[in-house]
Amino acid sequence: MLLRSIRFRLTCLYALALAVILTASGYGLSGYLSRNQLGHVDERLLLIAADVSTFSSILHENQTGSTPCERLEAYLRQRNWGEYVQILNERGSIACSSSNLQNFSLPLSKTALQHAERGIPYFETLEKLDHHPIRLLTYPIEPGNRNSTMVQLGYSLATIDHDIADLRLTFFLLGPAVLLITSLGAWLLAGKALKPVARITRAVRRINAENLSERLPVTNNQDEISELTATFNQMLDDLENAFRRIKQFSGDASHELRTPLTILRGETEVALRWAKEPEEFRKALASNMEEISRMGRIIEDLLTLAKSESGDLPLILTEFSFSDLIQELYLQGRALAEPKQISISLQLQVAEEIVLRGDELRLRQMFLNLLGNAIKYTSAGGRIDIAVTMDSGFAILSITDTGVGIPAEHLPHIFDRFYRIDEARNREDGGTGLGLSIVKWIVDVHRGRVEVRSAPGKGSTFTVILPLAGPDAAD
């Protein structure tokens, strides 16, 4: 578990990054120092070579009591130079050399000779010439000097190599200690940074289906953890609402189906016990058929809503004449309202035909549900007005009745499933309590909205506003 934790992985990544940085820094610093020191050596060798070249022009003049090589040695000692110095004559032989070249001589490479012939100084590094690297400069002497043609100077790189080696050893010894200390710091910092995550984890473990109302504490840091906590609390809100709706829906569905089943059972028992004549059995079966039809409508509406929520009921979008649809359903509404002698009027307050993109079958179902409710809850001899207008790319449909109306406290809940203002009246009229829920779903999936205005005893007005371009354009 520890090896898989984010804290451990963050620490390992930090340690790995730091190790790469330390290694690269060590090699980079040693390389930079090596090149820098070598540059200083080259500058020193050039200065000395220039002085020795000038001195070599008078080296072979007659001076009593000393040889040319002795005078060269005295010249070098006088200036406290410890470099290797070697002067070559025109035949390439050693004309004179410093006393520190008694055991070996400085070699003359072909490349150095070619550069000297062109009057160009040439630097090279000789590995292990005298048990340590030597930086060698082959310096041409100006033409006209018959006694010597070039000067070679060598500088031991032992001190520089030792300094670089000491630097690398320091990195090698201190690097692991620095890496260990910083990794421990990274472990502690990662633990502190992830402490809110552990607190959230413990809080989440306490939340289950029985206490979905519990929420995580949100700090005011306005960081990623606070945002995560707020997002999780929002998810808990959605889950709590979903659980509450499911629980309420299950209870309502059980209640709605239990009632007709109880009626069926009671009437069947009465018929079996008391009915003797065929007419009595016929009445019992007719009553049972009504309850079965009611159960069928409930199940069909429940299936429609269930499919709509799961996405198994896609819209079939087409362009059609919304004006023709309303006129057709208006004629059907007149036929439905005729038994109650309810007058229905239609007002198409548009100058042209309304063409709408949507699912014609579902919009027909929506209109029939609204019109059916208006007829159902309007007393005999009442009136229903249907008005259609168009404004700023939206079709607006209003259905106004002179029915019983809806009290203000019930308006926010009328689109909930199985919500009834008057249980007895709704059952008597054969309603399932799901019609307005289906209306709300159809309007929502078309990216429209439905509004309600009502006053008890005066009637209600349902207004549906739909985008002409369809749900895709509204998105």
When the stretch 6-29 is checked residue by residue, the ones that are under 19 Å from K195 (Cβ atoms) and buried (at least 16 other Cβ atoms within 10 Å of the Cβ) are R7, L10, T11, Y14
Return the total of residues in the stretch 217-232 being within 21 Å of S5 (Cβ to Cβ) and open to solvent by less than 80 Å² (accessible area, probe 1.4 Å).
4
In the set L101, L126, which member is in contact with a Leu (Cβ under 7 Å, 6 or more places away or on another chain), farther than 30 Å from S183 by Cα, open to solvent by less than 50 Å² (accessible area, probe 1.4 Å) and not hydroxyl-bearing (S, T, Y)?
L126
Take the residues of the stretch 447-465 that are touching a Gly at 6+ places or on another chain (Cβ under 6 Å) and hydrophobic (A, V, I, L, M, F, W, C): which is farthest from L317 (Cα to Cα)?
A455
Looking only at strands (runs of 3 or more DSSP E) that fall completely inside the stretch 309-379, which ones have 1 or more residues that are open to solvent by less than 60 Å² (accessible area, probe 1.4 Å) and among the aliphatic types (A, V, I, L, M)?
343-348, 355-358
Using beta carbons and a limit of 7 Å, which pairs, at least six apart or on different chains, have the first residue in the stretch 72-90 and free of Cβ contacts under 8 Å to residues at least 40 places away in the same chain and the second one surrounded by fewer than 16 Cβ atoms within 10 Å (Cβ to Cβ)?
E73/S99
Tell me, please, whether a residue that is open to solvent by 30 Å² or more (accessible area, probe 1.4 Å) and either under 15 Å from V85 (Cβ atoms) or of a type in the set (S, T, Y) (or both) can be found in the stretch 184-192.
no
For the subset of the stretch 391-423 comprising residues that are farther than 19 Å from P456 by Cβ and at pLDDT 90 or above, which member is most open to solvent (accessible area, probe 1.4 Å)?
F394
Do the conditions hold for G266, that is, is it open to solvent by less than 40 Å² (accessible area, probe 1.4 Å), at pLDDT 70 or above and farther than 24 Å from D416 by Cα?
yes
Search result, residues across the stretch 170-208 that are among the aliphatic types (A, V, I, L, M), outside any helix (DSSP H, G or I) and over 17 Å from R7 (Cα atoms)
I207
Taking the stretch 97-127 and keeping residues in a loop (DSSP other than H, G, I, E, B) and farther than 18 Å from G82 by Cα leaves P107, L108, S109, R118, G119, I120, P121, E127
Could you list, in sequence order, the residues of the stretch 106-139 that are touching a Phe, Trp or Tyr at 6+ places or on another chain (Cβ under 9 Å), at pLDDT 85 or above and not hydrophobic (A, V, I, L, M, F, W, C)?
S109, T111, Q114, H115, P121, Y122, R135, T138, Y139
Scanning the stretch 434-475 residue by residue, those outside any helix (DSSP H, G or I) and of a type in the set (A, V, I, L, M, F, W, C) turn out to be L434, V450, V452, A455, F462, V464, I465, L466, L468, A469
Unique residue being over 24 Å from N89 (Cα atoms) and at pLDDT below 85 when the list is R168, R146
R168
Output the residue which, of all residues in the stretch 62-92 that are part of a loop (DSSP other than H, G, I, E, B) and under 23 Å from R135 (Cβ atoms), is most open to solvent (accessible area, probe 1.4 Å).
N80
Regarding L216, is this residue closer than 28 Å to T11 by Cα, assigned to a loop (DSSP other than H, G, I, E, B) and touching a Phe, Trp or Tyr at 6+ places or on another chain (Cβ under 7 Å)?
yes
Looking for something within 21 Å of P314 (Cβ to Cβ), of a type outside the set (S, T, N, Q), at pLDDT below 85 and surrounded by fewer than 18 Cβ atoms within 10 Å (Cβ to Cβ) - is there at least one such residue anywhere in the stretch 431-444?
no
In the stretch 154-177, anything buried (at least 16 other Cβ atoms within 10 Å of the Cβ) and under 26 Å from S105 (Cα atoms) is listed as G154, Y155, S156, L157, I160
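The values are calculated or read from the model by the stated rules, or taken from the named source; none is laboratory data. Everything quoted here is computed from the prediction, not taken from an experiment. Cβ sites come from the backbone with ideal geometry, for glycine too, and all protein chains shown count toward neighbours. SASA here: full protein model, heavy atoms, side chains in, ligands and nucleic acids out. Shrake-Rupley method; radii C 1.70, N 1.55, O 1.52, S 1.80 Å.
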